[in-house]
Amino acid sequence: MNAVLPRFLKSTYRKEPIISVLMTMGVMDALIGGLNDSWSLLAFGLGTTGITLGFKLWRFQQRRPLPEEPVVQHYLPSRSSTAPLPMLSVSKKKPPL
């Protein structure tokens with residue numbers, strides 16, 4: 001079996017779960033209605049699938065384009081404003097017991 005199709009379906013279901021469920025429901029209704037000669041179920045499935053596709057295309061057109069360059073936010077300055085601390089030397093005395 002093709003390994004690309006399951007990955008594509010998983011990513012689609014994760015991104016837009018409601019649209020994916022409505023699409024699956026519409027396709028299954030249309031398939032069952034077509035195989036059982038139930039024209040009302042076939043029409044309902046095709047209608048659900050068509051409305052869901054239209055809604056998905058409308059949402060895709062409503063998305064705003066991403067900005068060209070992301071704004072970099074620095075939380076700390078590039079240089080410290082204070083002088084560096086002096087080096088500490090280790091005492092050669094033995095600690096008390």
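Quick notes
- For the chain, the longest principal axis of the alpha carbon atoms and the long axis of helix 39-62 meet at an angle near 30°.
- In loop segments of the chain as defined by DSSP, the chymotrypsin sites (Phe, Trp or Tyr not before Pro) with at most 13 further C-beta atoms inside 10 Å of their C-beta are 75.
- Global geometry of the stretch 1-46, whether rounded, prolate or oblate, following the gyration tensor of its Cα atoms and the 1.5 cut on a/c: oblate
- Here the stretch 51-76 is scanned for amide nitrogen atoms under 15 Å from the site 7 Å beyond the Cα of residue 19 along Cα-to-Cβ, giving 51-65.
- Trypsin sites (Lys or Arg not before Pro) restricted to the stretch 1-87 and DSSP loop, no more than 11 other C-beta within 10 Å: 63, 79
- For residue 17, net neighbour charge (Lys/Arg +1, Asp/Glu -1) across residues whose Cβ lies under 15 Å away: +4
- Helical mean residue ellipticity (222 nm; -39500 (n - 2.57) per DSSP H run of 4+; nearest 500) of the chain: -19500 deg cm²/dmol
- Listed candidates [x] 62; [y] 54; [z] 42 - label of the one calculated as percent of Cα pairs over 23 Å apart: [x]
- Residues of the chain: accessible area per residue with a 1.4 Å probe, Å²: 100
- Local electrostatic count, residue 60, Cβ distance below 12 Å [Lys/Arg +1, Asp/Glu -1]: +4
- Estimated at 0.36 nm per residue, the fully extended path between residue 90 and residue 28 surpasses their Cα-Cα distance by 14.6 nm.
The values are calculated or read from the model by the stated rules, or taken from the named source; none is laboratory data. The structure displayed is predicted, hence computed values, not measured ones. So basically every Cβ, Gly included, is an ideal-geometry build from the backbone, and we count neighbours across all protein chains shown. SASA here: full protein model, heavy atoms, side chains in, ligands and nucleic acids out. Shrake-Rupley method; radii C 1.70, N 1.55, O 1.52, S 1.80 Å.
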